[in-house]
Amino acid sequence: MATKPPMGDPVQDAPQVAEPKHAAAGLPAIGHTLRIAQQQMGVKRTALTLLRVNQKDGFDCPGCAWPEPDHRHKAEFCENGAKAVAEEATLRRVTPEFFAAHSVADLATRSGYWLGQQGRLTHPMYLPEGGEHYEPVGWERAFDIIAEEISALGSPDEAVFYTSGRTSNEAAFLYQLFARELGTNNLPDCSNMCHESSGSALSETIGIGKGSVLLEDLYKADLIIVAGQNPGTNHPRMLSALEKAKANGAQIISVNPLPEAGLERFKNPQTPQGMLRGAALTDLFLQIRIGGDQALFRLLNKLILETEGAVDEEFVREHTHGYEEFVAAAQAADWDETLTATGLTRAQIEETLRMVLASRRTIVCWAMGLTQHKHAVPTIREVVNFLLLRGNIGRPGAGVCPVRGHSNVQGDRTMGIFERPAPAFLDALEKEFGFAPPREHGFDVVRAIRALRDGEAKVFFAMGGNFVSASPDTEVTEAAMRRARLTVHVSTKLNRSHVVTGARALILPTLGRTERDVQGSGEQFVTVEDSMGMVHASRGRLAPASGQLLSEPAIVCRLAHRVLGADSAVPWEEFEKDYATIRDRIARVIPGFEDFNARVARPGGFALPHAPRDERRFPTATGKANFTAAPVEYPELPEGRLLLQTLRSHDQYNTTIYGLDDRYRGITNGRRVVLVNPQDARALGIADGSYVDLVSEWRDGVERRAPGFRVVHYPTARGCAAAYYPETNVLVPLDATADTSNTPASKSVVVRLEGQESPATRRLEQSATD
Ligand SMILES: Nc1nc2c(c(=O)[nH]1)N[C@H]1C(S)=C(S)[C@@H](COP(=O)(O)OP(=O)(O)OC[C@H]3O[C@@H](n4cnc5c(=O)[nH]c(N)nc54)[C@H](O)[C@@H]3O)O[C@H]1N2
Ligand SMILES: Nc1nc2c(c(=O)[nH]1)N[C@H]1C(S)=C(S)[C@@H](COP(=O)(O)OP(=O)(O)OC[C@H]3O[C@@H](n4cnc5c(=O)[nH]c(N)nc54)[C@H](O)[C@@H]3O)O[C@H]1N2
Ligand code: SF4
Ligand SMILES: [Mo]
């Protein structure tokens, strides 16, 4: 059986390169949206479906977690939202006949792109021990198999329950309830690889692991700093919000090793002027070296402290703790060290300071460019220090804005998908349901992989996602997965995690967001929480992709009922019949959801409480907002090496590949590219267009290699390189994680580039010798 992750088809993957773009959206985006959507759905279904995205009576966009504005247009979606919808609402199907025609070994040689392109899963499928093909299986038999393997475990802690961020609040609440009633907190989720560093840093410093701004705050800000985020691709409608903020007088600083097209200029497809000229968004671009952000904010903090009247002393006195220690650390910040760490000039930092001091209301937005580093948590804490100094938390137009990834990743966490649940949450569960939930912490993603690798976990269950492709150290993760007794995936689409299996495996096909969900009590809706803590309903309208699909809540209810049996303290059958009964329980267990059913019935939903934002109250251990004073860190780069960040192209949603283009970066028809600064490339003797292997260097001495990448000379910061995830996950060592949050450090991988002939030459040579 093939164990190596597939390289992608070399014929298909033949990257071409043109000049990067300097503006995002506009007419080409609309054409591109419709083309992709129509290929998957046809013309009529495209029109009907897209008109329902993000409408108050429609479904929540399955793309990112960016919030919807209160006043909605007819077309309330972006290009990448449309692609996410098309991916789910596709008319292509993966049927039992498909699995009969393709063995698991065959599927394991296909690229992730190919697997995803096959369409929606239609039937529960079972791979028996020693089997070569998945076979159709009835739902009841599938639940029996899971129950069999779970009851054979020495302890419930030998099972792992992963969640991706698309799962609804209702399904997530039931899923964690099941895991905990079974007796484990092994609830790793995609957040562990994503914004965990933000959650860690924010809970400690402001007392809640979520952002403190609402959409209106962006419109009131004087200064918005966007650090480590590429909204043009990953949160496209954030550009409309930034455009509006600018029209209201805000200035924007972007901090990024790459000049990202969307942040440079935005052509709003919803206005005629926008389509033509577009608006310049970034006022100041700080082309920072990878991992230099903590040093940058530390020096800015020192400079603020040195400026007469710049500190909001009243706020510091009334609301914060740890100031003296922080001041001492900030005073030690050093210009030379900061210039080295950031690659910026003195003039750029002075200009930044001028803009910071001119602003009375400042917001910092960030995403994976800050969270996926060894020192991600202290970096984000330094951002908090920066905002606290000038009282920029808990008043309009100011605050922290970690921009979340998956459309309900924040809601899943609110519902208790967390391997380290707060005691108060467990107490509330215990009181409501009358069983004693386990108190020991469970496995996060990295620990779950180790446990599977070491034979300590034997059953792996995933509520969505694509664990083996999204996780670091692909070869280690795949080997770990293959040691499991049973792997189970609740999924909409085929992906690599279905073909790298334990001894037995199940695929449980489920409804997507776009689809109608009818249960015993009639048609159901679910709820989601966006990146700004707004909760609202999502109601699918399309007929399900197949008559065999069960909803995620139904799958959990039936599984729990089967595994826990009559002893269960939870009315699983009632929950399956009527999701309003689940919401009644959520209302009693989770603060902020009081009267949930009534409030979510209102169009647009409601905002969850956020003490720092609403009342300037900081529910931390000290009862105040905490300044922190960690030592400044930045990555060290050995001679002749580059620091590689692994990021998203414009045509992908995490491990789902929509197409082979990255339009704004000028790359088409291929994904195996590595972007290198031309001066670095010259110094290393690597020509534009040449082919290299990426070899990662880590202290364990294991060679991790990703072969066959085309070098693209690209204006990234010096010493830095960029290549797409998930092809490069093979390079990210399992043990290379962020301190405190344990998030894989997938934005700072030390690599060397090793020369190689181009695949075309290799093919020619091969045919000459054949
Ligand atoms: N279309 C689409 N939308 C998505 C996704 C998708 O795959 N496709 N994924 C969703 C998910 S789950 C998430 S988490 C978000 C991800 O959203 P992003 O975080 O925007 O995604 P990345 O592509 O990882 O981009 C990271 C950005 O940080 C920059 N960066 C890298 N290292 C550093 C650094 O050290 N410092 C600074 N200042 N910048 C740095 C990179 O150049 C890049 O611009 O998007 C969500 N939305
Ligand atoms: N090197 C590197 N690795 C990374 C990152 C990086 O920047 N660099 N980013 C990390 C981040 S931020 C994240 S969030 C993770 C993402 O990790 P995951 O969330 O595990 O991965 P996705 O690719 O989003 O999952 C896609 C799969 O979800 C399933 N799916 C889609 N919709 C639904 C649904 O409604 N219900 C169910 N049950 N299944 C559904 C489909 O089968 C699809 O194949 O990857 C992380 N990995
Ligand atoms: S910005 Fe995000 S949530 Fe909004 S339409 Fe686009 S992909 Fe969907
Ligand atoms: Mo994410």
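For the range 511-597, list log₁₀ I(q)/I(0) at each q in 0.20 Å⁻¹, using the Debye formula over Cα point scatterers of equal strength and ignoring solvent, two decimals each.
-1.05
If I take R0 = 51 Å and measure r between the Cβ atoms of Ala347 and Ser521 in this structure, what FRET efficiency does the formula 1/(1 + (r/R0)^6) give, to the nearest 0.05?
Working: r = 65 Å, r/R0 = 1.28.
It comes to 0.20.
How do 203-213, 638-648, 683-693 rank on mean C-beta neighbours within 10 Å, highest first? Let's see the in-between values first.
Values: 203-213: 23.5, 638-648: 19.2, 683-693: 15.5.
Peptide ranking by packing, descending: 203-213, 638-648, 683-693.
Where the centre of each part is set by its Cα atoms, how far does the range 84-101 sit from the range 252-318, in angstrom?
The two parts, judged by their Cα centres, are 43 Å apart.
Where the centre of each part is set by its Cα atoms, how far does the range 576-597 sit from the range 699-725, in angstrom?
47 Å
Any idea what the dipole of the chain comes to, in debye rounded to 20, about its Cα centre with Lys/Arg Cβ at +1 and Asp/Glu Cβ at -1? The partial results should precede the final answer.
Details: 84 positive and 96 negative charges, 400 e Å.
So the dipole magnitude of the chain works out to roughly 1920 debye.
How large is the Rg to Rh ratio of the chain when both quantities use alpha carbon positions and Rh follows Kirkwood?
Ratio of gyration radius to Kirkwood radius for the chain: 0.94.
Just to confirm my numbers, what's the Cα centroid distance between the range 404-479 and the range 27-63 in Å?
Going from one Cα centre to the other spans 33 Å.
First compute the accessible area of the chain with a 1.4 Å probe, then give the percent of it belonging to carbon and sulfur atoms. Walk me through the numbers before you get to the answer.
Numbers: 13860 of 27190 Å².
Within the chain, the accessible surface is 51 percent carbon and sulfur.
Counting every Cα pair in the range 344-428, what percent are over 23 Å apart?
Summing the P(r) tail past 23 Å for the range 344-428 gives 42 percent.
Which order, highest average first, do 296-307, 187-198 follow once you tally other Cβ atoms within 10 Å for each residue and take the mean per peptide?
Peptide ranking by packing, descending: 187-198, 296-307.
Output needed: percent of Cα pairs per 10 Å distance bin for the range 263-347, bins running from 0 to the one holding the longest distance.
15, 30, 24, 20, 11, 1
For the chain, what does the accessible surface come to per residue with a 1.4 Å probe? Please give it in Å².
Roughly 35 Å² per residue, with all protein chains present.
Rounded to a whole number, what is D in µm²/s for the range 642-769 from Stokes-Einstein with the Kirkwood radius over alpha-carbon pairs (25 °C, 0.890 mPa s)?
For these conditions, the coefficient is 160 µm²/s.
For the peptides 370-377, 48-55, 250-257, what is the packing order when you average, over each peptide's residues, the other Cβ atoms within 10 Å and list the highest mean first?
Working: 370-377: 28.8, 48-55: 19.6, 250-257: 24.2.
Highest mean packing first, the order is 370-377, 250-257, 48-55.
Compute all pairwise cysteine Cβ distances in the chain, then list the cysteines with no distance under 4.7 Å to another cysteine.
So far as the 4.7 Å Cβ criterion goes, Cys61, Cys64, Cys78, Cys190, Cys194, Cys557, Cys720 stand without a partner in the chain.
So, how do all the Cα-to-Cα distances of the range 482-631 break down into 5 Å bins, in percent, from 0 on up?
Per 5 Å bin, starting at zero, the Cα-Cα P(r) for the range 482-631 comes out as 2, 8, 12, 14, 15, 14, 11, 9, 8, 5, 1, 0 percent.
Of the listed pairs Lys44/Lys83; Lys83/Lys458; Lys21/Lys246; Lys220/Lys267, which have alpha-carbon separations greater than 25 Å here? Show your work: numbers first, answer last.
Working: Lys44/Lys83 16 Å; Lys83/Lys458 36 Å; Lys21/Lys246 21 Å; Lys220/Lys267 22 Å.
Correct reply: Lys83/Lys458.
The values are calculated or read from the model by the stated rules, or taken from the named source; none is laboratory data. Owing to the predicted nature of the structure, the values given are computational and were not obtained by experimental measurement. Every residue, glycine as well, gets a Cβ built from its backbone with ideal geometry; the counts of neighbours run over all protein chains shown. Accessible surface is based on the protein model in full, side chains and every heavy atom, while ligands, DNA and RNA are left aside. Shrake-Rupley method; radii C 1.70, N 1.55, O 1.52, S 1.80 Å.
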